[in-house]
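A.B. asks: Pasting in a structure now, in structure tokens, and then I'll have a few things to ask.
The values are calculated or read from the model by the stated rules, or taken from the named source; none is laboratory data. Just so we're clear, the structure is a prediction, and the values are computed from it rather than from any experiment. Note: ideal-geometry Cβ built from the backbone for every residue, glycine included; neighbour counts use all protein chains shown.
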């Protein structure tokens, strides 16, 4: 009964979405207040109905309702409760329902917190957001219905993919979806502004917090996914340039560019055309990612579906919304004339360079991701584009970005002098250079990647500190500290986010440059050395889990004959799914991780063992957390909360520009 109600709620949400798309648009065009007012309650109803549908599907998974085909294919009675719940979105149909739930959530948030928006703009934003929902409700109901019944339910299910039976599945997809699905509201703001024929400072102020919110969630989602891959797959890598990883990374790069570009629109009424284009392309890359994951055109271990029919449907959605938005963008070119002027050396110019670097970096990732598909379609050849290409083509843009970021952050608006900015940053540069030189002196026979990464990371962190200090003016230290504490949270958020980027850059460079790896056959009781660490295989035992059996190694870690840790790496087999997984044993530390993997037994009685010493591994994810914290600090600033500080609408719905 509950599942039928869930299906019915999904159909009702589809109907409400159609009404919300059509009625407010007509009302905004005709100036009919009553018709425009339909948008807010409709957005709330649409979200409530979708939430009820999602709750019904979750109930079916928790209670093991094997009359649903989706539950049969992705669950089992012996599976722990947390994986029954996360299994709701561990498949194509359920994850699409989560996708639409978040889409309607952002529409509802725009209705709840958009009271300061002009009525016509608010109505159009909610109508465009609902139009996207209409497309995806149709996609779910006609190609990916999660509520399909079986005439004869089986006694038990087929279980969830063992790789997904991990706490990472409970957190990574929801945060990731909150990020790149959240970019839909930025798209809706852009299209609504084009329909309205008005793009000004007020629009930049309204779209910026939505972009910041989406970017923050996307940062957390990507960081969680990287950490999950690191400890779950047993390879010890944090990023593999997999097509699905790239599918979330491209919107993150464009969203970062949009976030900085919107500042220029808000402060200087410049870069309007470029900012609107970024808002369109950010969500466009989200749709491209959805197509990559669910069409089967590109092979990936992360892919949800391999169905050309679904791929064609998503491609049609992409073509309609991106094509329609770009046509409207071309038709409205005249309303996006820039008003603010600025010199070649200015904060505006620095933000333009920032945008160019981020956009080109996203283009590099996009080309590398789809090139195998293009080569197969046009040349009939199967090609593979791997990490070497991405590392060589992508890294230079990030290095340049890291170099200019502290300089651009302290440049004044409109006109500036580079010499003055460099003078303010001289201490930061000396500190960064000293750390880089220290790393170079301490390492022997290794590449320059580690010292360069340490220099860039220190440069970004110390540059962020200088950026804050320059805002405190002159005077006694006590006065400067009091002014520092009273700085707007948006200023603190920017500095914290930039510092987080520096920490992540150093973590990546340090791990890549100084990692140690050892692969051998180890006998029980044998101790061997990896760098400064002693590793010993003490025992191998069989362990029974709730729905798996495991071969578990008991391994001790030593440093200077002092026991540091006892780790238990496992090789698991899930009988229902018939799949093995590798569970690494990891001793996490501030300066390094010790990463152990047990392999197969050998003919001589030993066991295959892989050992990795991974310096600064946790700095990568600590940096992403700090970046997201910076976004949260900025978002908490009352000036940048959703629609906060926006001027009241002028007669006729027009908004005066600042």
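A.B. asks: From (1) assigned to a helix (DSSP H, G or I); (2) farther than 22 Å from residue 173 by Cβ; (3) in contact (Cβ under 8 Å) with a residue 24 or more places away in the chain, pick out the condition that doesn't hold for residue 34.
C.D. replies: It is condition (3) that residue 34 fails.
A.B. asks: Restricting to strands (runs of 3 or more DSSP E) lying wholly in segment 538-632: which have 2 or more residues that are over 30 Å from residue 496 (Cβ atoms) and under 31 Å from the mean Cα position of the chain (by Cα)?
C.D. replies: Of the strands (runs of 3 or more DSSP E) lying wholly inside segment 538-632, those with at least 2 residues that are over 30 Å from residue 496 (Cβ atoms) and under 31 Å from the mean Cα position of the chain (by Cα) span 570-574, 579-583, 592-601, 607-615.
A.B. asks: When you scan segment 174-191, do you find a residue that is at pLDDT below 90, in contact with a helix residue (DSSP H, G or I) (Cβ under 9 Å, 6 or more places away or on another chain) and under 22 Å from residue 87 (Cβ atoms), even just one?
C.D. replies: yes
A.B. asks: For residue 509, indicate whether it is in contact (Cβ under 8 Å) with a residue 40 or more places away in the chain, crowded, with 22+ Cβ neighbours inside 10 Å and under 20 Å from residue 408 (Cα atoms).
C.D. replies: no
A.B. asks: Looking for whichever is surrounded by 23 or more Cβ atoms within 10 Å (Cβ to Cβ), closer than 28 Å to residue 412 by Cβ and modelled with pLDDT of 90 or more here; the options are 271, 212. Which one fits?
C.D. replies: 212
A.B. asks: With the requirement that a residue be over 30 Å from residue 85 (Cα atoms) and either crowded, with 16+ Cβ neighbours inside 10 Å or touching a helix residue (DSSP H, G or I) at 6+ places or on another chain (Cβ under 6 Å) (or both), what does segment 29-71 give you?
C.D. replies: 35, 36, 37, 38, 39, 40
A.B. asks: Another one. I'm told residue 148 meets every condition in (1) modelled with pLDDT under 90; (2) under 29 Å from residue 57 (Cα atoms); (3) in contact with a helix residue (DSSP H, G or I) (Cβ under 8 Å, 6 or more places away or on another chain) except one. Can you identify the failing condition by its number?
C.D. replies: (1)
A.B. asks: Also, quick follow-up: Condition (residue is at pLDDT 90 or above and under 30 Å from residue 625 (Cα atoms)) applied to segment 468-491: is it met by at least one residue?
C.D. replies: Within segment 468-491 (the criterion being at pLDDT 90 or above and under 30 Å from residue 625 (Cα atoms)), the answer is no, since none of the residues qualifies.
A.B. asks: Can you find a residue that is part of a loop (DSSP other than H, G, I, E, B), surrounded by 14 or more Cβ atoms within 10 Å (Cβ to Cβ) and either in contact (Cβ under 8 Å) with a residue 40 or more places away in the chain or in contact with a strand residue (DSSP E or B) (Cβ under 8 Å, 6 or more places away or on another chain) (or both) anywhere in segment 345-360?
C.D. replies: Scanning segment 345-360, I find at least one residue that is part of a loop (DSSP other than H, G, I, E, B), surrounded by 14 or more Cβ atoms within 10 Å (Cβ to Cβ) and either in contact (Cβ under 8 Å) with a residue 40 or more places away in the chain or in contact with a strand residue (DSSP E or B) (Cβ under 8 Å, 6 or more places away or on another chain) (or both), so the answer is yes.
A.B. asks: Could you list all residues from segment 521-563 that are more than 30 Å from residue 84 (Cα to Cα) and out of contact with any strand residue (DSSP E or B) (no Cβ under 9 Å at 6 or more places or on another chain)?
C.D. replies: 562
A.B. asks: Go through (1) surrounded by fewer than 19 Cβ atoms within 10 Å (Cβ to Cβ); (2) closer than 29 Å to residue 92 by Cβ one by one and return the number of the condition residue 313 breaks.
C.D. replies: For residue 313, the failing item is (1).
A.B. asks: Would you be able to tell me the number of residues in segment 441-465 that are surrounded by fewer than 21 Cβ atoms within 10 Å (Cβ to Cβ) and modelled with pLDDT of 85 or more?
C.D. replies: If we filter segment 441-465 for residues that are surrounded by fewer than 21 Cβ atoms within 10 Å (Cβ to Cβ), which is where we start, we get 441-449, 452, 465.
Filter once more, keeping what is modelled with pLDDT of 85 or more: 452, 465.
Selection size over segment 441-465: 2.
A.B. asks: Look at segment 586-612 and say how many of its residues are surrounded by fewer than 19 Cβ atoms within 10 Å (Cβ to Cβ) and in contact with a helix residue (DSSP H, G or I) (Cβ under 8 Å, 6 or more places away or on another chain).
C.D. replies: 3
A.B. asks: If you don't mind, there's one more thing I want to ask. Whether any residue in segment 625-634 is at pLDDT below 85, surrounded by fewer than 20 Cβ atoms within 10 Å (Cβ to Cβ) and out of contact with any strand residue (DSSP E or B) (no Cβ under 7 Å at 6 or more places or on another chain) is what I want to check.
C.D. replies: Of all residues in segment 625-634, those at pLDDT below 85 come to none.
Checked against the condition, which is being at pLDDT below 85, surrounded by fewer than 20 Cβ atoms within 10 Å (Cβ to Cβ) and out of contact with any strand residue (DSSP E or B) (no Cβ under 7 Å at 6 or more places or on another chain), segment 625-634 yields no hits at all.
A.B. asks: Among the residues of segment 414-436, write down those that are loosely packed, with under 14 Cβ neighbours inside 10 Å and not in a helix (DSSP H, G or I).
C.D. replies: If the condition is that a residue be loosely packed, with under 14 Cβ neighbours inside 10 Å and not in a helix (DSSP H, G or I), then 417 is the only one that fits.
A.B. asks: Let me ask something additional. Could you tell me which of the residues 583, 570, 517 is exposed (fewer than 15 other Cβ atoms within 10 Å of the Cβ) and closer than 26 Å to residue 238 by Cα?
C.D. replies: The unique qualifying residue is 517.
A.B. asks: Under 16 Å from residue 190 (Cα atoms) and within 13 Å of the chain's Cα centre (by Cα), is that true of residue 247? Don't jump to the end; show me each part of the working.
C.D. replies: Details: under 16 Å from residue 190 (Cα atoms): no; within 13 Å of the chain's Cα centre (by Cα): yes.
The answer is no for residue 247.
A.B. asks: Ok, one more. Considering (1) out of contact with any strand residue (DSSP E or B) (no Cβ under 7 Å at 6 or more places or on another chain); (2) closer than 30 Å to residue 226 by Cα, say which one residue 518 fails and leave the rest.
C.D. replies: Against the list (1) out of contact with any strand residue (DSSP E or B) (no Cβ under 7 Å at 6 or more places or on another chain); (2) closer than 30 Å to residue 226 by Cα, residue 518 comes up short only on (1).
A.B. asks: For the structure I just gave you, tell me whether residue 615 is touching a strand residue (DSSP E or B) at 6+ places or on another chain (Cβ under 8 Å) and surrounded by fewer than 19 Cβ atoms within 10 Å (Cβ to Cβ).
C.D. replies: Against the criterion (touching a strand residue (DSSP E or B) at 6+ places or on another chain (Cβ under 8 Å) and surrounded by fewer than 19 Cβ atoms within 10 Å (Cβ to Cβ)), residue 615 does not qualify.
Results for (1) within 26 Å of residue 394 (Cα to Cα); (2) part of a loop (DSSP other than H, G, I, E, B), shown as yes or no for each residue.
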{"site": "440", "(1), (2)": "yes, no"}
{"site": "451", "(1), (2)": "yes, no"}
{"site": "459", "(1), (2)": "yes, no"}
{"site": "474", "(1), (2)": "no, yes"}
{"site": "479", "(1), (2)": "no, no"}
{"site": "494", "(1), (2)": "yes, no"}
{"site": "503", "(1), (2)": "yes, no"}
